[in-house]
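Before anything else, here's the structure in question.
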Amino acid sequence: MLIILKKVIYIFLIFVINLAVCSYLLNKLSARAELRRGFIASRAGGLGYPFLEISKYLTKSSRLNIWEIFLFFFSFFIWTVIPFSQTFILIKVDSDLLIAILFYIILVFSFLVNASRSSYGFVWNNFLKKVLMMFSVFIPMLFSIASLVLINRTLSLREIVGFQYQYWNIVYQPLGFILLFTSAFAQFKLTGLTRKNTVLFSENSEKEGAGFGRLITRISNYSTLFFLLVIIVILYLAGWQNLYFVNGNIMFVLKFYILFFVMLLLDKATPRLDDYNYLISINWRFIVPVSAVNFILTIVFFILRNIYNLI
Amino acid sequence: MAKELYNGIYSSHKLVFIERIEKNIDYYLKDRILEVKRLGQELFCILSKSSLTTVLKELKENPEFDIQVINSINLFKSNGRYCLLIDLSSVTNNYSMLLKVLLSSGDGASSREEYKEILPAIVQIFKAAEFYMSRNNLMQSYTDVIFESQVFDGLDSFDTFLSTDYDIIDKAYFDTAISRVLPQNFNKSSSLFDLQTAISRYDSSAGIFPELCLCLAVEELLKTQVSRRVQYIRILFSELYRISSHIYYISRIARIIGADIAYNFALLEREHVLRIIETMTGSRINPNFIKIGGIKNDLSQERIITIKEGLSGIIKSVHRLETLLLDNSIITAKLKNTGAADKDVALGCGATGPNLRASGARYDIRKNRNLMFYKDFSFLVAIGKYGDCLERVQIRFREIYQSIKIIDQAVSDLPDEFMRKLVDISEIELEYSEMVSSVECPHGVFKIFIEMKNNQILNFVVLGPSKNSLYLAEKILPGNRVEDVELILASLDINSGEMMS
């Protein structure tokens, strides 16, 4: 029991520290990229900014709704099945990849419902459009994860990391990595942290006032981003595997922040992705077919190797 | 003789052409027109209400006149009598004319009734006149989406009413009733001095153009010959303001698209241009720099060097801005085919300036008229083809490059002349007289009509380009998505300062 409690506290600490560092980096980097000075929350480089932001949310009173409570729980539940090292995991399940993805989908779905709710009632038109936009960019992600599972022949994230002791999965599945990253990037743009996303901060939800509910939404935003980054690192970049003499945990953190940095830069370099037609067209005309081809090639490879023993 | 022709006292070949049209009007419409005269570079006709439709029909159908465009209709009171001021122009024959229609003498209410009676007759000849009719039934019966005036940043002078089929617009209607103060009431019976200081407010992004327009009008009235150096400096500043206004326009487009880097970069660049302007004029938005008969300050050698040094930086960064914005396939995909207006639609709505040129009509009064000393400079008129949002943005970029070219020439060829003393406004003695004057401002052709006596303004009518751009928006919005309304409106560069009820 004590061990589990210790693990919970560790995971919570990791989450909070990451939250502080990432929100600091997000604001500083986006200010630099946009050629402005950035916030002036405090003199010491703005390190107190994340805490100031929390107090900003807490000073306003607003009602919580059921979807925000869902968001709150699932943004923490998701970390129970994700391993941070071979032993550092709360619930040991063999198919934790599936459960993690399921939790993630529920999290995103509650996001969409929460964003479509407004003081004038539920905006069905917006909601359906957002669901279509969001879940169409899920398809390439699922395809590339499926082809990776075929290669590794396991659904356990720890075993997938263990499989990469010699070569990282990015070597076997370079196209899959690019597709998963593209899909994750599109999801980050749509449910993203910056004000550019129209899926979450629509014209209705924007005006409903900040409060504890908004704080939860914000934290869940970060949670989805962390999930996407961690899953890419674990699946393709060998998670906590040592690199020569460098400690695996340090490698994990390094890879996570490099991906975070790249995502932020790409986010700044591209305009808002609210054009429904454009997004749908590039997704269905390019990303989904390529990921399907990648998946089919992997299946062919799998059959030739494991059934006919040709390769 | 040659020198005088060059200095603009005698008319250029374009003005000779206007004289011919004046003679033609005298010949064809002798019985129906009370008076015809030339004001500056425009024609001015006075006629009675009864002969209006026949005159308009003749002007439209006779190939000697070939008027295609009705730019604006204004109701105002002159000498105790209500009049209608109709602004017409011909792009093919390259001239424009004002019709002053005398309504039957009566009070305000009866004249407004008369105005409502006349309008349907005008609409049958020029369809664009329907924009000036009251269309309340349109607003109430079809609308299902309403954007109130505060929703769009910078476009707070009108409400937008849309009728939609899912997210495609069927019909659009703009209600400009929110901007109530008419300039003809606001500036009525003020002194010339007051008007001169306040007129730059009609254009919030390029305040020098209204000033320039007023000064050109009064100088034309007083027959003042302004020195070459002064005109060069005026051209220089108007082009600097054109650059600033166009960069501001680009920043608004970038903000709507969500290109943060381009948005902030554009604002920084505008800051550089405004800094140059500020060092010379002392002000950024309301420069109050151009005076009647001259300018406020002469440019010293040091300041000319500052402009030269600033230009090289501006051209580099504008190029970077263009690369940042238009080399991005997501942005171009969003701009392309959005809000496309072909040449006939744009002409029919009376749009002028870059919006018209993006649709393929070559109409720039810097080239087409004998405006200041623009004939001394070598520059191109940027023309588009399809008239969509992408071309409107591209036209602005190309115009910035041409403006930089003009400034470069003006700075290097600045004549070394003695600047004459300015005209003392308080000592102006004039009989009752009317004057029209127009300049090519960044939004289109900015035109004013004034009636004055001594240094007192009796009437002042602004005939700005933004109303026509708004009418064009009404025409091109159907078929586009509701999401793109803000982008299309911003791409038309509507200036709220000159909008009126």
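Out of all DSSP beta bridges in the protein assembly as shown, what portion is antiparallel? Express it as a percent rounded to 5.
Values: 56 of 62 bridges.
Counting DSSP beta bridges with both partners in the protein assembly as shown, the antiparallel share is about 90 percent.
With r as the distance between the Cβ atoms of B:SER191 and B:GLU113 and R0 = 51 Å, compute the FRET efficiency 1/(1 + (r/R0)^6) and round to 0.05. Walk me through the intermediate numbers first.
Values: r = 34 Å, r/R0 = 0.66.
The calculated FRET efficiency here is 0.95.
Further question: Report the charge-dipole magnitude of region B:124-264 in Debye, nearest 20, computed about the Cα centre from +1 at each Lys and Arg Cβ and -1 at each Asp and Glu Cβ. It would help to have the intermediate numbers written out before the result.
On the way: 13 positive and 17 negative charges, 165 e Å.
Dipole about the Cα centre, nearest 20: 800 debye.
Check cross-link reach from A:LYS28 to the lysines: straight Cα distance under 22 Å, and skip same-chain residues fewer than eight apart.
Result set, ordered by chain and number: A:LYS56, A:LYS189, A:LYS196, A:LYS255, A:LYS268.
Still on this structure, please answer the following. When a/c is below 1.5 the answer is rounded, else prolate if a/b is larger than b/c, else oblate, so apply that to chain B with a ≥ b ≥ c taken from the square roots of the Cα gyration tensor eigenvalues. It would help to have the intermediate numbers written out before the result.
Values: a/c = 1.59, a/b = 1.03, b/c = 1.55.
Note, shape of chain B comes out oblate.
What is region A:71-177 by shape, rounded, prolate or oblate, if you read a ≥ b ≥ c off the alpha carbon gyration tensor as root eigenvalues and call it rounded for a/c under 1.5, prolate for a/b larger than b/c, and oblate otherwise?
Details: a/c = 3.73, a/b = 1.76, b/c = 2.13.
Since a/c reaches 1.5 but b/c is at least a/b, the shape of region A:71-177 is classed as oblate.
Another question about this same structure. First check a/c for region B:323-478, with a ≥ b ≥ c the square roots of the eigenvalues of its C-alpha gyration tensor; if it is under 1.5, answer rounded, and if not, answer prolate when a/b is larger than b/c or oblate otherwise.
On the way: a/c = 3.00, a/b = 1.52, b/c = 1.97.
Oblate, because a/c is 1.5 or more while a/b does not exceed b/c.
How many partner chain Cβ atoms sit within 10 Å of a residue's Cβ in peptide A:272-278, on average, as a whole number? Write out the running numbers ahead of the final one.
On the way: counts 9, 2, 4, 9, 3, 5, 4.
That works out to 5 on average.
Dipole of the protein assembly as shown, Cα-centred, from +1 at each Lys and Arg C-beta and -1 at each Asp and Glu C-beta, to the nearest 20 debye?
On the way: 86 positive and 77 negative charges, 446 e Å.
My answer is approximately 2140 debye.
Taking only DSSP H segments of four or more residues, each worth -39500 (n - 2.57), what value at 222 nm results for chain A once the sum is divided by all its residues, to the nearest 500 deg cm²/dmol? Can you show the working numbers first?
Details: 14 runs with 208 residues, N = 311.
When only DSSP H runs of four or more count, the value is -22000 deg cm²/dmol.
Explain nothing, just the number: dipole magnitude of region B:270-358 about its Cα centre with +1 on each Lys and Arg Cβ and -1 on each Asp and Glu Cβ, in debye rounded to the nearest 20.
The dipole magnitude comes to about 80 debye.
Determine the shielding of peptide B:256-265 by partner chains: average, over its residues, the number of Cβ atoms on other chains within 10 angstrom of each Cβ. Don't jump to the answer; show the numbers that get you there.
Working: counts 2, 4, 12, 6, 14, 8, 2, 3, 5, 2.
For peptide B:256-265, the averaged partner shielding equals 6.
Translational diffusion coefficient, Stokes-Einstein: compute it for the protein assembly as shown using the Kirkwood radius over C-alpha pairs as Rh, at 37 °C and 0.692 mPa s, and state it as an integer in µm² s⁻¹.
Numbers: Rh = 30.5 Å.
Stokes-Einstein gives a translational diffusion coefficient of 108 µm²/s.
Right, here's the next one. As I understand it, the value is the acute angle between the Cα axis of helix A:288-306 and the longest principal axis of the Cα atoms of chain A; what does it come to in degrees, rounded to 10?
It works out to around 30 degrees.
Right, next: Could you calculate the contour length gain from B:LYS57 to B:SER433, that is, 0.36 nm times the residue separation minus the distance between their Cα atoms, to one decimal place in nm?
132.5 nm
By how many degrees, between 0 and 90 and to the nearest 10, does the Cα long axis of helix A:66-77 differ from the longest principal axis of chain A?
It is inclined by approximately 40 degrees.
Around B:THR164, which amide H atoms from residues at least 5 apart in sequence, or from another chain, sit under 5 Å from its own amide H, with H modelled in the peptide plane?
B:ASP144, B:VAL145, B:ASP170
Right, another one. Note the per residue figure in Å³ for the convex hull of the C-alpha positions in region B:159-238. Before the final figure, lay out the partial values.
Working: hull volume 12.2 nm³, N = 80.
Once divided by residue count, the hull of region B:159-238 is 153 Å³.
Right, another one. Would you be so kind as to identify which of B:GLY80, B:TYR28, A:GLN173 lies farthest towards the positive end of the dipole of the protein assembly as shown, taking Lys and Arg as +1 and Asp and Glu as -1 on Cβ and the Cα centre as origin?
Projecting each Cα onto the dipole axis, the largest value belongs to A:GLN173.
Near B:ASN286, within a Cβ-to-Cβ distance under 15 Å, what is the net charge of the other residues, with Lys and Arg +1 and Asp and Glu -1? Intermediate values should be presented prior to the final figure.
On the way: positive: B:ARG201, B:ARG284, B:LYS291, B:LYS296; negative: B:ASP194, B:ASP203, B:GLU211, B:GLU278, B:GLU498.
Counting the neighbours of B:ASN286, the net charge comes to -1.
Straight-line reach from B:LYS334: which aspartates and glutamates have a Cα under 15 Å away, not including same-chain ones fewer than 8 places off?
Partners within reach: A:ASP274, A:ASP275, B:ASP388, B:GLU391, B:GLU483, B:ASP484, B:GLU486.
With 24 Å as the limit, write out which pairs from B:LYS37/B:LYS296; B:LYS367/B:LYS453; B:LYS100/B:LYS467; B:LYS30/B:LYS57; B:LYS60/B:LYS375; B:LYS385/B:LYS475 have Cα-Cα distances beyond it, or answer none.
Details: B:LYS37/B:LYS296 33 Å; B:LYS367/B:LYS453 32 Å; B:LYS100/B:LYS467 20 Å; B:LYS30/B:LYS57 15 Å; B:LYS60/B:LYS375 30 Å; B:LYS385/B:LYS475 18 Å.
Checking Cα-Cα distances, B:LYS37/B:LYS296; B:LYS367/B:LYS453; B:LYS60/B:LYS375 exceed 24 Å.
Related question: Post the alpha-carbon centroid distance, region B:199-224 to region B:385-410, in whole angstrom.
23
May I pose another question? Relative to the longest principal Cα axis of chain A, at what angle does helix A:49-58 sit, 0 to 90 degrees, rounded to 10?
In chain A, helix A:49-58 runs at an angle near 60 degrees to the longest axis.
Read-outs throughout are calculated quantities, based only on the coordinates presented, and are distinct from any laboratory measurement. Since the model is a prediction, treat every value here as computed from it, not as a measurement. Reconstructed Cβ throughout: ideal geometry from the backbone, glycine too, with neighbour counts over all protein chains shown.
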